[in-house]
Amino acid sequence: AMPVQGMIIRGYDKKSTQGIDIAAPAGTTVAAAAAGTVAAVTKDTDQVPIVVIRHEGGLLTVYAGLDGLKVTKGDTVKRGQAIGVVRKADPAFLHFEVRKGVDSLDPMTYLQ
């Protein structure tokens, strides 16, 4: 499931973006794309939270550009469960990745 409702403002490119950017107003709820376990909660170089969820089949989903986290490492989440909200930025957006191991995959393959 889409982690947030909005327009895709940057498409997938394995060499540069490694995910998609979805525009959404700051404060919009971000949901787990599928059921899984929170594998990591970390921060990027600007100290913006990043959540990584581990799913069946060795897939990981990565959510960046978050605020107000509602999960911690080790939590079990259901598809559609709130994990945080879109952080205030200009423009406000969620960066979303699907990974298998260290390889990034096109998220649209899984979201359609």
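The values are calculated or read from the model by the stated rules, or taken from the named source; none is laboratory data. Just so it is clear, the model here is predicted, and its values are computed rather than measured. Cβ atoms come from the backbone with ideal geometry, glycine included; neighbour counts cover every protein chain shown. We work out accessible area using only protein heavy atoms, side chains counted, and drop any ligands, DNA or RNA first. Shrake-Rupley method; radii C 1.70, N 1.55, O 1.52, S 1.80 Å.
Residue-wise test of (1) closer than 18 Å to PRO25 by Cα; (2) of a type in the set (Gly, Ala, Ser).
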site	(1), (2)
ILE53	no, no
VAL62	no, no
GLY74	no, yes
LYS78	no, no
PRO91	yes, no
GLU97	no, no
LYS100	no, no
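Looking only at residues that are assigned to a strand (DSSP E or B) and open to solvent by less than 20 Å² (accessible area, probe 1.4 Å) in segment 25-48, which one is nearest to LYS78 (Cα to Cα)?
As a first pass, look at segment 25-48 and keep what is assigned to a strand (DSSP E or B): 29-31, 36-43.
From the residues that got through so far, the ones that are open to solvent by less than 20 Å² (accessible area, probe 1.4 Å) too are 30-31, 36, 38.
On the way: VAL30: 13, ALA31: 9, GLY36: 7, VAL38: 11 Å.
My answer is GLY36.
Name, by its number, the condition in (1) over 17 Å from PRO107 (Cβ atoms); (2) under 13 Å from the mean Cα position of the chain (by Cα); (3) not hydrophobic (A, V, I, L, M, F, W, C) that does not hold for ASP21.
(1)
Give segment 45-64 a look and list any residue that's within 13 Å of the chain's Cα centre (by Cα) and modelled with pLDDT under 95, or say none.
The answer is VAL48, PRO49.
Among what's in segment 1-24 and is open to solvent by 30 Å² or more (accessible area, probe 1.4 Å) and of a type in the set (D, E, K, R), pick the residue that is nearest to ARG79 (Cα to Cα).
Here the residue is ARG10.
Name the single residue that is modelled with the lowest pLDDT among those in segment 73-112 being touching a helix residue (DSSP H, G or I) at 6+ places or on another chain (Cβ under 8 Å) and open to solvent by 40 Å² or more (accessible area, probe 1.4 Å).
Selected residue: GLY101.
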